[in-house]
Amino acid sequence: DAAGFQHLGLGEKLAEHGLEDALMNRLQDTLMELGRGMTFVGRQVRFTVDGVDRWIDLLLFHTEQLRYVVIELKRGLAGRSAVAQLLSYRASMDDEFEASQKAVGVLVGERLDNEALGMVADDERLKFIALDELVSLEDLT
């Protein structure tokens, strides 16, 4: 819950854009934390699905596994719609870009509701990373 971050002295929750800025400010460390072989492809990567523009928050490519990694950033409680959005983006990457293996999706956020937790647990190409495991306190202030 939001109260879980109050002790950090952050006041208002950061916007997703602020979270994205914090991650970008420490790109090298972030890539290393995500695993060896990650390369940065882009931020706010635009693609079109059925004539509608969409934007992937962060797009990486894993050079050893030869697959794209789609990262969706969410603040607060993320639910079914956040996971569905990530699944849609991941499917679009598989359809649009050639890679040796299918894309994986990573949802980075504060927490997931029970339905979203179940969706992530049931899909081996989805992962949830808690915000406090990825971004240091200095980056959030």
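The values are calculated or read from the model by the stated rules, or taken from the named source; none is laboratory data. Please read these numbers as outputs of a predicted model, since none were measured by experiment. Reconstructed Cβ throughout: ideal geometry from the backbone, glycine too, with neighbour counts over all protein chains shown. Remember, those area values only see protein heavy atoms, side chains included, never the ligands or the DNA or RNA. Shrake-Rupley method; radii C 1.70, N 1.55, O 1.52, S 1.80 Å.
Remark: accessible surface ordering of K102, K74 (largest first) is K102, K74, probe radius 1.4 Å.
Given a Förster distance of 22 Å, report the FRET efficiency between A121 and E16 from their Cβ-Cβ distance, rounded to the nearest 0.05. After rounding to 0.05, the efficiency reads 0.40. Taking chymotrypsin sites (Phe, Trp or Tyr not before Pro) across the stretch 57-128, the ones in a DSSP loop with at most 14 further Cβ atoms lying within 10 angstrom of their Cβ are F97. Across the stretch 58-101, the convex hull enclosing all Cα atoms gives 72 Å³ per residue.
In the context of the full protein assembly, R111 retains an accessible surface of approximately 90 Å², using a probe radius of 1.4 Å and ignoring ligands and nucleic acids. Between F47 and A91, the modelled label-to-label distance comes to 1.2 nm, taking each label 7 Å out from Cα in the direction of the beta carbon. For R36 and Q101, a Förster radius of 22 Å and the Cβ-Cβ distance give a FRET efficiency of 0.85, rounded to the nearest 0.05. The listed residues E20, E124, E133, once ranked by accessible area (1.4 Å probe) with the largest placed first, stand as E124, E133, E20.
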